[in-house]
1. Taking R0 as 35 Å, what FRET efficiency do you get between Ala274 and Ser199 from their Cβ-Cβ distance, rounded to the nearest 0.05?
2. With labels modelled as points extended 7 Å from the Cα through the Cβ direction, what inter-label distance (nm, one decimal) is found for Ile92 paired with Leu230?
3. Report the local net charge at Ser343: Lys and Arg +1, Asp and Glu -1, summed over other residues whose C-beta lies under 13 Å from its C-beta.
4. Under a point-charge model restricted to the Cβ atoms of Lys and Arg (+1) and Asp and Glu (-1), what is the dipole moment magnitude of region 338-410 relative to its Cα centre, in debye to the nearest 20?
5. Return the FRET efficiency for the residue pair Ala124, Thr382: r is the Cβ-Cβ distance, R0 is 51 Å, and the value is rounded to the nearest 0.05.
6. For region 180-281, with only Lys/Arg (+1) and Asp/Glu (-1) charged at the beta-carbon, what is the dipole magnitude about the Cα centre, in debye rounded to 20?
7. Please list, by residue number, every one of the GluC sites (Glu not before Pro) in region 326-410 that is coil in DSSP and has at most 10 other beta-carbon atoms within 10 Å.
8. Which GluC sites (Glu not before Pro) in region 205-311 sit in a loop by DSSP (not H, G, I, E or B) and have at most 13 other Cβ atoms within 10 Å of their own Cβ?
Amino acid sequence: MTDDSFGTVSGPFIHIEDPHPAVEQLLGPLFPKVLIFAGPGAHISSLRNYQCFRDKMARLSADALRTIELPAVPPPTDIDMMALREILTEPIYGPFGMQDGWKLNTLGLKALIASPLTSHRALANMIHPRAPGFVLVAMSKRPSTHSDLLDILVDAVLRGNHDQDVVFNLARHPNASANALTTARSLLANATPSSSLSSDAITYFEVHLARNKNTSKRDLTMLSRNRNPLVREAVGLNLNTDVADLVTLSSDTDDNVRRAVAANPNLPRETMIAMSMDDDAYVRAAVASNTSIDKEFASLLVSLCNDDDMQVLRNLACNPNVSVDDCFDLEQPSHRAILAEYSEAPHTLRTLAGMEDDDLLLSVATNKFTPADVLSSLAGSTNGTVRMNVARNFATPPSVLEQLLSDTQA
């Protein structure tokens, strides 16, 4: 470990799990400060010779620090370095019991992994089959761990360190590659519930694997046949799920699975039309919110606009790809009410504002997409509640708000 170099990119210190409060207070400002001053060529061995370390960094000018994008802050003091060495390192003893140097202890390794200042090389050198389990777990939980390091991590797990927490963390890691996720799935494929691995834990892993955007289509296909509806629901939401699997899941017996599938923009048109007639209103509402709908879905839009469920109409009105003119009928009171509250179309809101209907005006005055000129006009309404809604609308221009400041009737 003494040859691993630190990185030099500055950044905030990441919280270390479960440190002693006194340790946390010291490490918070101190550890990143030491890493910053370690410079491009510094080594972990610098921690055991703090005077040389300080002398080296003291020779760097403020201009030099700025050149390598490091903040110009005072170097750590002797007491700082002694305290840091005491907390983060432990002595190495030779064959005859004589102290032969220092190495990072458990807390020091966790701090090194957690810090955004640590170099890619230092992290890579910490991953090997004989590495302590907590090192691999901490690495797998690090949000910024690169995909190639996660691949090395999987290899280390395969070669001997079968820590289940690493596998669980991989399933939900945003940088995990498809191959790493496939390997993680295979590690638990034959797992049976036990005292250390419950059925709930396996389900937790499978749900996160099914949600991960990097999970391969092949793995998603296998997960789509899972007996647990929570897993199938996650597969239905994943944009990487194969179209054939979405079609199969569209007729799932579980309502939540069908709702997830109905909102997936990769759903084929024929399947979407079929789901728009589902007995479950929330499934139909999910279809109405699907962003792949456009004016070419004429029969589908007609079906959804004639739905008697208000949530379906709300989702349709909020869908950015659906034009009001394509399906809504302003002659229908229910359509007018929905559009006044949820429409994003300026010309529709102008039309509704021109109707002599106080309920519509109240909703138009609240709608954040109402044009400024319409809000200005509504600010002069004889209805005090309408004027109050205009004042509460964040889209109302400052000049209109100034006008309403003198309003004492609302």
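Nothing in this text is a laboratory measurement; each read-out follows from the coordinates by a stated rule. Predicted model only: the values in this text are computed from it and were never measured. Because the Cβ atoms are built from the backbone with ideal geometry, glycine has one as well, and the counts that use them run over all protein chains shown.
1. 0.55
2. Those two pseudo-labels are separated by 4.5 nm.
3. Cβ neighbours under 13 Å give a net charge of 0.
4. 200 debye
5. On the way: r = 72 Å, r/R0 = 1.41.
Using R0 = 51 Å, I get an efficiency of 0.10.
6. 440 debye
7. Those satisfying the criteria are Glu331, Glu356.
8. Counting only loop positions with at most 13 other Cβ atoms within 10 Å, the GluC sites (Glu not before Pro) in region 205-311 are Glu296.
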